[in-house]
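What follows is a set of notes on a single structure, which appears directly below.
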Amino acid sequence: MAKGPKGFSELEKSVIKEKLRLECERSWAIYGYKKTNVGELCEKVGISVGTFYMCYNSKEALFVETVEALQNNLKAFMQEMISKEPTKQGFANAIKLLYQEYEKNSFLYSVNSPDFLAFLNKLPQESVSKLKFDNENFFHENIESVGLNLLVSEEQAFSVISALLSILNVKEQLSYNHVEVFNFMLDNIIDEIFE
């Protein structure tokens with residue numbers, strides 16, 4: 001196995017990066033971006049800070065890769081769900097499951113929280129734009145893959161679904177179970193969005 005410049009093979013480096021992403025995800029969910037620190041991540045993973053910087057040039061680079069990995073997993077999960085039931089209702093069911101996954105990983109949706117904004121402010125604008133574009137593009141791809149016809153513009157459909165997902169931001173303020181509220185609203189507007 002060929003060793004890299006610091007004595008790690010590409011496979012070993014890949015394993016280290018995966019461990020860092022998983023620990024970043026756990027720490028981000030518990031402590032947030034600002035309180036997650038590189039030294040503690042390294043300690044939990046069992047590597048030196050120097051090894052961290054061999055893998056990532058910054059804390060933000062790890063966080064971006066963590067978000068991208070989580071989004072990719074969610075996308076694969078949704079595509080699998082939609083392919084099993086390629087209908088308007090299958091699409092709605094996949095969105096319901098996405099909502100539940102977002103609830104488990106609150107840092108993925110609380111994009112207006114001071115903690116998430118602190119993260120975004122450290123990123124180059126192209127990284128921020130890419131994260132947003134990927135979500136819109138993914139929405140488009142899923143609609144197309146199922147062959148759904150929209151009754152409204154694609155931008156309006158994406159915005160409506162995004163607004164529904166944002167219920168997570170106010171769930172503590174609701175006097176009723178937020179998952180049931182989300183499901184009720186989605187079930188009642190899905191026929192207004194798709195043929």
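Below are the figures for this structure:
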quantity: Pairs of Lys in the range 45-179 closer than 18 Å at Cα, counting only those 8 or more apart or on different chains; calculated: 14
quantity: Solvent exposure of the chain as accessible area per residue, Å², 1.4 Å probe; calculated: 56 Å²
quantity: Inter-site label distance for A118 and N135 at 7 Å from Cα along Cβ, in nm; calculated: 2.1 nm
quantity: Size of electric dipole in the range 138-195: Cβ of Lys, Arg +1 and of Asp, Glu -1, about Cα centre, debye, nearest 20; calculated: 260 debye
quantity: Computed label-point distance, nm, for sites S106 and S153 using a 7 Å Cα→Cβ extension; calculated: 3.5 nm
quantity: By accessible area with a 1.4 Å probe, ligands and nucleic acids excluded, highest first: order of I95, I30; calculated: I30, I95
quantity: Amide proton proximity set for F194, modelled H, under 5 Å, gap of 5+; calculated: L151
quantity: Fully extended contour minus Cα-Cα distance, from S145 to N169, at 0.36 nm per residue; calculated: 5.7 nm
quantity: Heavy atoms of Y33: accessible area, 1.4 Å probe, square angstrom to 10; calculated: 10 Å²
quantity: Probe 1.4 Å - accessible area at E18, Å² to nearest ten; calculated: 80 Å²
quantity: Percent accessible area from carbon and sulfur atoms, the chain, protein chains only, probe 1.4 Å; calculated: 53 percent
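The values are calculated or read from the model by the stated rules, or taken from the named source; none is laboratory data. Because the structure is predicted, anything quoted here is derived from the model rather than measured. Note: ideal-geometry Cβ built from the backbone for every residue, glycine included; neighbour counts use all protein chains shown. Please note that ligands, DNA and RNA were not included when accessible areas were found on the heavy atoms of the full protein model with its side chains. Shrake-Rupley method; radii C 1.70, N 1.55, O 1.52, S 1.80 Å.
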